[in-house]
Structures are given as C-alpha cells and as structure tokens.
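First up is the structure itself, then whatever we jot down about it.
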Amino acid sequence: MALASVPSPDDSSGNPAATDRVDLSDLLVRTARGDERAFAGLYDGIVSLVLGLARRVVRDPSRAEEVAQEVFIQVWQTAHRFDPAKGSAKTWILTLTHRRAVDVVRRDQSATNREARYDWSGGPAYDTVDEQVSARLEYEQVRRCLRSLTELQREAVQLAYYRGYTYAEVASLLKANPATVKTRMRDGLIRLRDCLGVSVA
Amino acid sequence: MSHDLHTLVGAYALDALDHHEHDDFEQHLATCETCRAEVDELVETAARLGAAVEPADAVPTALRARVLETVARTPQERPVVVPLESRRTRRWLAPVLGAAAALLAVLAISVAVQQLEDNEVDKITVVQARESALIADVLASQDKVAYDKQLSTGLHMTVVRSREVDAAVVSLRDLPPLAEGRSYQMWRISKGADGQTVTSAGVLEPDEVSRARATMLLPDVAGVDAVAVTEEPAGGSPKPTGEPLVQLTLPT
C-alpha cells in the first residue's frame, strides 16, 4: 500500500478509486513525533467523520464544530498515547470525539428536551462517491447488524450512543429497570461485536 | 462488588455512565486484565457505530485554519519514557503478537460459529456473522477498489472488490419498487472463449427498513467480469429473463 502522503482536500474524485488511500494510523504515529504536516493530513482524512459524529450527537452545528476543534487539539496533544497495535487511528479518534460530544450534550441539555427515538429509516444521503463508499457500506452493515439485536438492546444502545443518554436516563425513557438496561447494553454490544466481526489484536 | 462493576462494561463503552461511575469503572479496569480485553472490543464496536454516521459534507474551511493555527502553538504531552531494552523487545514482538492474536481471533470465531451451529441457535445470525466477517475483510483489505454506477433513474450500484479476499460487496440504492410476486436477482457474468456465462448470485433481500436498498456479498469473484441485476419472478430464475436493470463491468 502506498504510504500516506498529505492529501489535498479535493483528492477524492475519480472513479474507480481506491478508498482509504491514506493510512491514518501512520499519520497519527507521525503526529506523535510532532510532525505538523502529518497532522494536517490526518485532519483532512478524518474531519468529515469527526464533524459528522459530533453533529449527530450534539445536533447544534456550531457546538459540533467546537467539539471537532477540541478533539483535534486533544489528538495533537495526546497522540503519543495511541498504540497502533491496539486498534485503528479511526477508532481512537472517534472514541475521543464521542466522549467529548457526550460531555457537551450533557452539559448543554437536560434529558427531557432530547428526542427519545432515533430514526434509522432515512439513512445518510451521500453525494460524493468513492471517499464515502466505505462509510456507506459501514452504515449499511452496522444497520443490518443492529437488526439482529432485541428491541430493548437496540434502543438502549442507540439512545446511549447517538443521543448521549446515561443508562439511567435510558432506563427512565424506556420505563425499564436500570439494571436491565445496563445488561442489555452489554449484551447488545457483544452481539453487535460478533455480527460485525470486531476483534482487537 | 467487582462483579457488579463489570456489568457496566457496555454502558462504559457507550459513554453512558455518569462521571462518578465512569471513574469507579476506570479504577476497576486498571486492576482487571480480563475486563480490559472485553472493554477494548466493545469500545471498538461502539466506534463502528460512530463510523456509520453520515460524514459531514460541508466542513468549514475556517475550522481547518483554526485547528492548524492552534496546534502550531500548542505543546504536545510528553510520553512516559520506556527503557530502551523493553521498548526494543516490544517493537519486535508487536507484529508477531498481532499476527498470533489475529489467528486466535479467527479460531475463536470459528469455534463460536461451530458452537452456535451445534446448538441450532439462530442460524441466520451465524450466516450473517460469516458474511459480515467477509464484508469486513473486503472493507479492511489494502487492495480494495470501489466501482460505482448511477443511472438517470437514480438507481445506484457500488461494487467494492478485493482480489486479496477474493470477494466483493455490492450495494444498491434507490431500487424501483417491485410489483407483487417479483424479485431482484443478481448475476455474475464471466467472459470466456465460447462467449459469456451468466450465473445467478442469488436473489436480493431488500433492506427491511428501506425497501429501496440492498447489500450483497459476492464471494469468489476471480474471473467475474461484470455483475448485473434483473427483475425476475419471486424467488429468482435459473437464467435471466429480462434486460438488466443495471450492469457494472469490473476491470480485469
């Protein structure tokens, strides 16, 4: 595989095209050594996902942008903590993004004015092709696997992840026992893990 | 008490603990090797939920400038120094251990699949898991290439092929609605000296939520020159009976 060069932002047209041409983990490792050029490449490679996830969780576009900015500064500062043997750069960065977004949404909003249901029916509307092919297939695969969960497992997982509710809040929204919700979250994720074939070296 | 804490692993991976419980759990994690393995996998799984979100289409250019400008004047956290000796060992060992762990994971999956089959439990899930594992392999492969075709009707077909994995993932969007008693069927087309061979790759199962979408895994794609979709009587036909709705040629 070609080693990562810093991509230009419009480096995504052309068809057919190889997806994921940039090795994000390599860029993150170089970022840990203080390489600002690698960091810029990393930013370009993942900003649309970071901002997309932040927007999904916090809803407010300008707050989402603040979250994205804070996440990238945190990535820069703590890049040395990333261990490529333990997982991908994408996972590492999306995990930071989710935590930050959830913190913000909990600070900003009380549980009562957040929507109770997350609607999967529409699905993402992608307008460019090759760069987002992976994301679309990822989406379709995740959705397919979510369907293998029980309703309570699925609702608990989605309300927590996409809305930032604590399990106690999820329990009161679903009128279920907190202890049950807690175990359903675990069971649901385990089922999702097996369906998606996730394994960590 | 520690058993009680361990049941929080799912909520932890989903960031669904309040601050107090979050800290308690991380303390527990520091002393529990087995929990850490489970946490790593569930955190990875949760990140897949994040990666499945619609990427932002319009990223403000000012954000890039602001981030890069801030980074230029922000010092990085300094790593904890690891003695050279152990560092060298670890670096050398990491890929070897990684490969061994990957092999173990594969074995673990086959064992799990076998157990499920023995129990006759939920065969669909087993098939789904196998397919998903292959789909994941295709998407994770270094040599994958995406081909894309959109018709003026809006129908959109994407094929992601990996020669290494010898499989392709075909996905369709905006399929026209089917009349009662009809199905969509996928075909593999191979060109040989004596003309082209068309074989069925199966009937498309439209997505339950949105009937206009479908995803299919095509194993053994070596020698497949094109894929096509036709409309057929429900359940499919042995040979295509109509013109392809869409056909996509895969470069050799």
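The values are calculated or read from the model by the stated rules, or taken from the named source; none is laboratory data. Keep in mind that what you see is a predicted model, and the values were worked out from it rather than measured. Neighbour counts run over all protein chains shown; Cβ positions are idealised from the backbone, glycine included.
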Next on the checklist: under 22 Å from the mean Cα position of the chain (by Cα) and not β-branched (Val, Ile, Thr): is that true of B:Leu155 in this structure?
Outcome noted: no
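Could you check how many residues of segment B:135-177 are among the aliphatic types (A, V, I, L, M), more than 8 Å from chain A (Cβ to nearest Cβ) and either crowded, with 18+ Cβ neighbours inside 10 Å or under 21 Å from A:Arg143 (Cα atoms) (or both)?
11
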Within segment A:22-44, the residues that are within 11 Å of chain B (Cβ to nearest Cβ) and polar (S, T, N, Q) are A:Thr31
Only one of A:Val102, A:Val57, A:Val47 is buried (at least 20 other Cβ atoms within 10 Å of the Cβ), more than 7 Å from every other protein chain (Cβ to nearest Cβ) and of a type outside the set (Ser, Thr, Tyr), namely A:Val57
Among B:Ser210, B:Ser190, the single one that is at pLDDT 85 or above and small (Gly, Ala, Ser) is B:Ser190
Scanning segment B:135-179 residue by residue, those touching a His at 6+ places or on another chain (Cβ under 9 Å) and in a strand (DSSP E or B) turn out to be B:Asp148, B:Lys149, B:Gln150, B:Ser171, B:Leu172, B:Arg173
Quick count over segment A:168-180, residues being within 9 Å of chain B (Cβ to nearest Cβ) and touching an Asp or Glu at 6+ places or on another chain (Cβ under 9 Å), is 2
Contact list, first residue from segment A:62-79 and at the interface with chain B (Cβ under 9 Å from one of its Cβ atoms), second anywhere and among the small types (Gly, Ala, Ser) and part of a helix (DSSP H, G or I), beta-carbon distance below 7 Å, six or more apart or interchain, is A:Ala64/A:Ala54; A:Ala68/A:Ala54; A:Ala79/A:Ala32
Note: among B:Thr74, B:Thr45, just one is in contact (Cβ under 8 Å) with a residue 24 or more places away in the chain and at the interface with chain A (Cβ under 7 Å from one of its Cβ atoms), namely B:Thr45
Flagged pairs (Cβ under 8 angstrom, 6 or more apart or on separate chains; first in segment B:174-202, over 16 Å from B:Pro240 (Cβ atoms); second part of a strand (DSSP E or B) and among the hydrophobic types (A, V, I, L, M, F, W, C)) are B:Leu175/B:Ala214
Scanning segment B:12-50 residue by residue, those crowded, with 17+ Cβ neighbours inside 10 Å and of a type in the set (Gly, Ala, Ser) turn out to be B:Ala13, B:Ala16, B:Ala46, B:Ala47, B:Gly50
Would you confirm, using the coordinates I've provided, whether B:Val39 is facing chain A (nearest Cβ under 9 Å) and under 18 Å from A:Thr97 (Cα atoms)? no
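Condition first: of a type in the set (Lys, Arg) and facing chain B (nearest Cβ under 7 Å). Now tell me which residues in segment A:181-201 satisfy that.
Within segment A:181-201, A:Lys182, A:Arg186, A:Arg193 qualify.
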Are any of the residues in segment A:93-113 touching a Cys at 6+ places or on another chain (Cβ under 7 Å) and modelled with pLDDT of 85 or more?
no
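Considering segment B:231-244 alone, what residues qualify as being over 12 Å from B:Leu175 (Cβ atoms) and either crowded, with 17+ Cβ neighbours inside 10 Å or not aliphatic (A, V, I, L, M) (or both)?
Across segment B:231-244, the qualifying residues are B:Glu232, B:Pro233, B:Gly235, B:Gly236, B:Ser237, B:Pro238, B:Lys239, B:Pro240, B:Thr241, B:Gly242, B:Glu243, B:Pro244.
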Quick count over segment B:181-231, residues being part of a strand (DSSP E or B), within 14 Å of chain A (Cβ to nearest Cβ) and under 19 Å from the mean Cα position of the chain (by Cα), is 5
